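Reviewing the structure listed below.
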Amino acid sequence: MVSESDGEADRGSDREPGTGPEPESADARGAGTGHGSADSGSGPANNAARTSVWLDHRAPSRSRRSESPAGLDRNRITEASVRLLDADGLAKFSMRRLAAELDVTAMSLYWYVDTKDDLLELALDSVYAEIAPPREDAAWQDRLRDLARSYRELLVRHIWISPLAGTFLNIGPNSMLFSYAVQDIVRATGLPLERQTGALSAVFQFVYGFGTVEGHFKARCDATGLTQDEYHRQAMTTIRAQPHLRQITEASDDLMAARGGDTVEEMRERDFVFALDLLIAGIEAVRDRSGSATR
C-alpha cells in the first residue's frame, strides 16, 4: 500500500525537459532528452548532472524512512517496471504506481534507485536481453537480417523503448552486447573502417523508425478494438471520401497493388524485407567500389 506521505518520494527528478538530437539506438551513442517531467510520468527528466545508472556506483543518497522490505531487490523492481510500461505506457509510469504494483511504499524503492530515470534506464536495458544473438556460422548478410528483425520485433513489443533509446546512454550490459553484435557484423561486411558507422546508422536507424511506427500503429489499433486490417480499411475509406485527396490516394492505390499482400502485416513485411535488402545491396556496392579504388 502507498500512503499520501509518499508523494515526496515521487518527485525525485522533477525538472523541465530539454531538446536533443535524433535517437542513435543502434550503437549506444544516443543521449538526447525525453518529453515531459519525470514526476508527471510522461518521460525522463533532463538532469544535466546525471549520466547513467551504470556509471553511478554510489549508494542511493536519499534519506530512508523505513527498512528495506523483505523480498524486494533491483531485479524484481526492474521486472515490475517493464510490466507496467508494457501495460500502461511511458506516460502513466510513476514511482507511486510501481510501488502499488509491488505492494510497498514508494520510499522503499529508493533503497535501490535514486530517481525514476534510474528505473527507466534499468528497464530499457533489461528488454535488450530479448534480442537473440546472431548465428555465428551465417554470412554477414543473414546475420544482419536476423539482428535487424529481432530489433524491430523488440520495438513493436515494447513501444516505450523508442523515446528512451535516444534519451539514455544505453551502456547497460544487454545493450552493449547488442552493440557489439552490430559492430561485429558491420566489420564483417568488408567496408572501409571510415564507412562502417554510416552503414550501421543506415540500417539500424531505418529499423528504429520502421519498428517505432509499426508498434504505435498496432497499439492504436488495439486501443480502438479493431484489427489492423479493419483500422486500415476504415481509415482509407475516410481518406478516399475527401475530394482534395483523391489524386494522392489513387497513386497510392497503384503502389499498394503493385507491392502485393492481402493484409496490413503482409504489406508491411514486404516493405521491410525489400528495404533491408536494398540497404544490404548498398553496403555491398560501396564495399566493392571501395575495394576497386584501392587496387
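The values are calculated or read from the model by the stated rules, or taken from the named source; none is laboratory data. Keep in mind that what you see is a predicted model, and the values were worked out from it rather than measured. Positions of Cβ are backbone-derived with ideal geometry, glycine not excepted, and every protein chain shown enters the neighbour counts. We work out accessible area using only protein heavy atoms, side chains counted, and drop any ligands, DNA or RNA first. Shrake-Rupley method; radii C 1.70, N 1.55, O 1.52, S 1.80 Å.
Tell me the per residue accessible area of the range 216-293 using a 1.4 Å probe; a whole number in Å² is fine.
Normalised by residue count, the accessible surface of the range 216-293 is 67 Å².
Using packing as a proxy for protection, rank 90-96, 118-124, 158-164 so that the peptide with the highest average count of other Cβ atoms within 10 Å comes first.
Ranking the peptides 90-96, 118-124, 158-164 by packing returns 118-124, 158-164, 90-96.
Enter the per residue convex hull volume of the range 156-295, computed from alpha-carbon coordinates, in Å³ rounded to the nearest integer.
Taking only Cα atoms, the range 156-295 has a hull volume of 161 Å³ per residue.
If Rh is defined by the Kirkwood formula over all Cα pairs and Rg also comes from Cα, what ratio Rg/Rh do you get for the range 207-250?
We get a ratio of 1.08 for the range 207-250.
Give, in whole angstrom and from largest to smallest, the semi-axes √(5λ) of the equivalent ellipsoid of the range 71-143, with λ running over the eigenvalues of the Cα gyration tensor.
Rounded to whole Å, the semi-axes are 32, 13, 10.
Tell me the net charge near residue 164. Cut-off is 11 Å between Cβ atoms, residue 164 excluded, with +1 for each Lys or Arg and -1 for each Asp or Glu.
Summing Lys/Arg as +1 and Asp/Glu as -1 gives -3.
Let me make sure I get this right: for the range 99-213, a, b and c are the square roots of the gyration tensor eigenvalues over alpha carbons, sorted descending. Under 1.5 in a/c it's rounded, otherwise prolate if a/b > b/c, else oblate. Which is it?
Prolate, because a/c is 1.5 or more and a/b exceeds b/c.
So, by mean Cβ neighbours within 10 angstrom, what's the order for 168-179, 126-137 with the highest one leading?
Averaged packing, sorted descending, gives the order 168-179, 126-137.
Given a 1.4 angstrom probe, I'd like the percentage of the accessible area of the range 78-214 that is carbon and sulfur, rounded to a whole number.
Carbon and sulfur together cover 55 percent of it.
Expressed as a rounded percentage, what relative contact order does the range 59-215 have, with Cα pairs under 8 Å and six or more residues apart?
About 24 percent, as a whole number.
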